[in-house]
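The values are calculated or read from the model by the stated rules, or taken from the named source; none is laboratory data. The structure presented is a predicted model; accordingly, all values stated were derived computationally and were not measured. A quick note on method: Cβ atoms are made from the backbone with ideal geometry, for glycine too, and the neighbour counts reach across all protein chains shown.
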2 protein chains.
Amino acid sequence: MTQRILTKELPGRIGERVHLRGWMHTLRRMGGVTFLVIRDRCGLAQAVLDDAAPLEGCQPETVLALTGTVCAEPRARGGVELRDVSVEIMSPVREALPFELNKGPLKANLSTFLDHASVGLRHPAKQATFRLASAIIDAYGAWMRAHGFTQITTPKIVGAATEGGANMFGIKYFDRRAYLAQSPQLYKQVMVGVFERVFEIGHAYRAEPHDTARHLNEYLSLDMEMGFIEDHHDVMRVLSEVLRHILGTLAQDHAPDLAMLGARLPDLTDVPVIPFADAQDLLATRYGEAPDQADLSPSQERSLCRWAEAEHGSEWVFVTGYPTAHRPFYTMPDSAQPERSNSFDLLCRGTELVTGGQRIHEYGALRSSLRARGYDEAGFEGYLEAFRYGMPPEGGFAIGSERLLARFLGVENVREVTLFPRDVNRLTP
Amino acid sequence: MTQRILTKELPGRIGERVHLRGWMHTLRRMGGVTFLVIRDRCGLAQAVLDDAAPLEGCQPETVLALTGTVCAEPRARGGVELRDVSVEIMSPVREALPFELNKGPLKANLSTFLDHASVGLRHPAKQATFRLASAIIDAYGAWMRAHGFTQITTPKIVGAATEGGANMFGIKYFDRRAYLAQSPQLYKQVMVGVFERVFEIGHAYRAEPHDTARHLNEYLSLDMEMGFIEDHHDVMRVLSEVLRHILGTLAQDHAPDLAMLGARLPDLTDVPVIPFADAQDLLATRYGEAPDQADLSPSQERSLCRWAEAEHGSEWVFVTGYPTAHRPFYTMPDSAQPERSNSFDLLCRGTELVTGGQRIHEYGALRSSLRARGYDEAGFEGYLEAFRYGMPPEGGFAIGSERLLARFLGVENVREVTLFPRDVNRLTP
């Protein structure tokens, strides 16, 4: 058998007889000849068939093997096309696709698309989207490793609904009850005692029954936690740096995918920082937003991003100093104003993408915080042990990877950037 | 504040006044002076204290900041020590540890260790173990990306117990029943239609109630799937290459960790390949093993590894051609002998580490296989759609990452190489 080559190798093989394999992307008859475009994992290539009879009855997505001669052809993609072609059908497709994959932008609505994601994901725009998703994970891990972080894998099956059970999925675990972890929070904090700097790329689960454009019940969380910080500003600096690295990698290595999707990445240089209380004042005065004592509402998030864009030319904005009472028990209070906390959110293009902050690292203070909130310390034994035996000042963050990609691409619904999303109505495919 | 440096930077700073932060690893009084060993994420360093009074009552693992002068000292670790030291206590530890972390090999038994993993993982041997776990993931992903594979993230919450429900954990998913995926098998196969070559690093779940040294109920699976193969031998070649890359990376970048653990990596050069039926004959004749028509028993696996070592000088052995009837429905039968399949397992040092093979890619044949095994096609709609619309010949494998590391390190129990293992009896920490 001739060695298969990839479509991207064609420009270097002019004059040679080569063997390609891939999917029939399009088949067009023009005059006496037939133009076949074949798709493989690297892209598309054109082949000119003198006789299309062997492909009679074959629908797009038929898997083909082509043998032909590479010829220069300025009007074809990549400046080359295959001529004098023999075609072998590897897997025929006899039925029409649920929607077209080969005619410009995808026209299926989201629900139809998701019902047929198994084949719809082959659309070039979808391929581009999920290549970018893969690249984000890779760039995140690469930066973390280069800066002394160790990758960890922590359990997603947990014994107790430790962070507040309302939003957790229950599991029947043999004769016991268990839950799906809503974050690796407690584990990554424990691991600061082991490696100082850790990161995790793993699923997180929220049993929220809300069907919104920005929530998934299963999502991929890019987590990190680091010791020996001064306060949450150190964590924010690391976050800015890793995001800049991700953005730079996408811009440099994935320009064609970004161009295909018409995506303009949000520049991250000097990100404005605004305390929560100041943001509330500003939003009320300037945008007439109703104040919220606990958190930013989605509408407030959008207005604050408009402010950051208008006043600072930034598509990103950090909000710090969230009310301690409305953040989790492990949140470090601001020593000067304990009702505010050393916490932050990072917003981009109207949505919160990252949550983080400094944590309470002193054993006694952590126990007090648990008790003050009515938790039973017994459920936190393994967690507390790490603090009982020496924990430095520490903090971290969690990035929702699907939300991040959605903001980068400017798509409204996070389901568009999730391979097989899980929501209150969807468990398949 | 003086900029913190890391212990590994000390040899380049002789004569300078520096600032270190870390955990009190040991504190020993000898004659009039006190030797303090501090541990940070890079290792250990010795400091000589003229006055140990500030550390009175502090137990090991107390978090410290040291300022001192770096002096050459041939008898100290790295040839340097810190003198003229001032000590600041960042987080004091007042209680004795559940077991010693600073006196050579860990002495706690496995159960005690796991109960106190939150602090026990700080033992240098445990740090080394989980640095290697992190390195395996990294090397696996790097090789895959370099060879045209795209990383995917597929759901772990699935709607139907598609691969055989007995071993799946049930979840209450709002008003429905769902399950934890026992593998990404069906999704990675679907994704071959999108990217040809995909890999995933993610959790897999098995509700097996057996408490053995080699099973976990939640484990990290290193998966891949690739299209346009000839047969399972292509998959086996890729597997050998990625494993060689992982072994090479560990040997090159992690020699100190391997040395600390007394680990000798298994050389992977020419791996013998033996068909299942031949293996059964051999095992019966040579080792008196009772034949098994379905699979290799654990005892047979050990004997077969002894054979591979004795006859081929290999700590690895491929077994191919498992009985089709005892492999999953998607397994490609051997065209010459359909009762045997184009499947394989890879064994190392007495245990199966990897399962893989060629899959049925032809739509009609796949439906027939489902029906022949009594499955309801309706539960496979999304999966089948990918094959209905053109799938090339394809195959893949799944490596159990914890088992792999256990074999590399020669440890008996897979729980020793899992940060926070989940088994039938253990849900904490």
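A few remarks follow.
- Residues in region B:232-271 that are hydrophobic (A, V, I, L, M, F, W, C) and part of a loop (DSSP other than H, G, I, E, B) were compared, and the one that is surrounded by the fewest Cβ atoms within 10 Å (Cβ to Cβ) is B:Leu265.
- Hey, A:Leu419 assigned to a loop (DSSP other than H, G, I, E, B) and within 30 Å of A:Leu247 (Cα to Cα) or not: yes
- Within region A:6-46, being within 23 Å of B:Tyr389 (Cα to Cα), of a type in the set (A, V, I, L, M, F, W, C) and either surrounded by 21 or more Cβ atoms within 10 Å (Cβ to Cβ) or within 14 Å of chain B (Cβ to nearest Cβ) (or both) holds for A:Leu6, A:Leu20, A:Trp23, A:Met24, A:Leu27, A:Leu36, A:Val37, A:Ile38, A:Cys42, A:Leu44, A:Ala45.
- Here A:Val198 does not fit the description of being at pLDDT 95 or above, assigned to a helix (DSSP H, G or I) and within 27 Å of B:Trp23 (Cα to Cα).
- When each of B:Phe195, B:Phe174, B:Phe169, B:Phe228 is tested for being within 12 Å of another protein chain (Cβ to nearest Cβ), farther than 27 Å from A:Glu208 by Cα and either within 23 Å of the chain's Cα centre (by Cα) or surrounded by fewer than 22 Cβ atoms within 10 Å (Cβ to Cβ) (or both), the lone residue that passes is B:Phe228.
- Of all residue pairs spaced 6 or more apart or on separate chains, those with beta-carbon atoms under 7 Å, a first member in region B:377-400 that is within 8 Å of chain A (Cβ to nearest Cβ) and on the phi > 0 side of the Ramachandran plot and a second member that is among the polar types (S, T, N, Q) and outside any helix (DSSP H, G or I) are B:Gly390/A:Thr62; B:Gly390/A:Ser91.
- Selection count, region A:230-250, where residues are of a type in the set (S, T, N, Q) and either without any contact (Cβ under 8 Å) to a residue 40 or more places away in the chain or in contact with a Pro (Cβ under 8 Å, 6 or more places away or on another chain) (or both): 1
- Hey, B:Ala213 crowded, with 21+ Cβ neighbours inside 10 Å and touching a residue at least 12 places away in the same chain (Cβ under 8 Å) or not: no
- Of all residues in region B:361-376, those that are acidic (Asp, Glu) and more than 19 Å from A:Val93 (Cα to Cα) total 1.
- The combined condition, being touching a Pro at 6+ places or on another chain (Cβ under 8 Å) and at pLDDT 95 or above, is fulfilled by B:Gly227.
- Pair list, Cβ < 9 Å and 6+ apart or interchain, from region B:404-419 residues that are in the same structural domain as B:Thr212 (by TED's automatic domain parsing) and modelled with pLDDT under 95 to residues that are assigned to a loop (DSSP other than H, G, I, E, B) and surrounded by fewer than 23 Cβ atoms within 10 Å (Cβ to Cβ): B:Glu412/B:Ala213; B:Glu412/B:Arg214
- Residues that are hydrophobic (A, V, I, L, M, F, W, C) and more than 23 Å from B:Cys58 (Cβ to Cβ) within region A:379-403 comprise A:Phe380, A:Phe397, A:Ala398, A:Ile399, listed in sequence order.
- Reported count of residues in region A:58-79, each being away from chain B (no Cβ under 14 Å), surrounded by 21 or more Cβ atoms within 10 Å (Cβ to Cβ) and among the hydrophobic types (A, V, I, L, M, F, W, C), is 1.
- Which numbered condition A:Gly148 misses (of (1) facing another protein chain (nearest Cβ under 7 Å); (2) crowded, with 21+ Cβ neighbours inside 10 Å): (2)
- Picking from residues in region B:409-429 that are aliphatic (A, V, I, L, M) and closer than 24 Å to B:Met260 by Cβ, the one that is nearest to the other protein chains (Cβ to nearest Cβ) is B:Leu419.
Listed here are the residues, each with its yes/no results for (1) aromatic (Phe, Trp, Tyr); (2) surrounded by fewer than 18 Cβ atoms within 10 Å (Cβ to Cβ); (3) part of a helix (DSSP H, G or I); (4) more than 7 Å from chain B (Cβ to nearest Cβ).
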site: A:Val93; (1), (2), (3), (4): no, no, no, no
site: A:Leu101; (1), (2), (3), (4): no, no, no, yes
site: A:Pro105; (1), (2), (3), (4): no, yes, no, yes
site: A:Thr112; (1), (2), (3), (4): no, yes, yes, yes
site: A:Val119; (1), (2), (3), (4): no, no, yes, no
site: A:Arg122; (1), (2), (3), (4): no, no, no, no
site: A:Thr129; (1), (2), (3), (4): no, no, yes, yes
site: A:Leu132; (1), (2), (3), (4): no, no, yes, yes
site: A:Ile136; (1), (2), (3), (4): no, no, yes, yes
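- In the set (1) within 30 Å of the chain's Cα centre (by Cα); (2) within 14 Å of chain A (Cβ to nearest Cβ); (3) buried (at least 20 other Cβ atoms within 10 Å of the Cβ), the condition left unmet by B:Gly357 is number (2).
- Note on region B:283-335: among residues that are in a loop (DSSP other than H, G, I, E, B) and polar (S, T, N, Q), the one that is nearest to B:Pro393 (Cα to Cα) is B:Ser335.
- In region B:292-321, residue surrounded by the fewest Cβ atoms within 10 Å (Cβ to Cβ) [restricted to those that are at pLDDT 95 or above and over 25 Å from the mean Cα position of the chain (by Cα)]: B:Ala310
- Residue under evaluation B:Thr285, criteria (1) under 23 Å from the mean Cα position of the chain (by Cα); (2) surrounded by fewer than 16 Cβ atoms within 10 Å (Cβ to Cβ), criterion not met: (1)
Yes or no, residue by residue, for (1) of a type outside the set (Asp, Glu); (2) farther than 22 Å from A:Leu66 by Cα:
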residue: A:Val80; (1), (2): yes, no
residue: A:Glu88; (1), (2): no, no
residue: A:Pro92; (1), (2): yes, no
residue: A:Leu101; (1), (2): yes, no
residue: A:Gln127; (1), (2): yes, yes
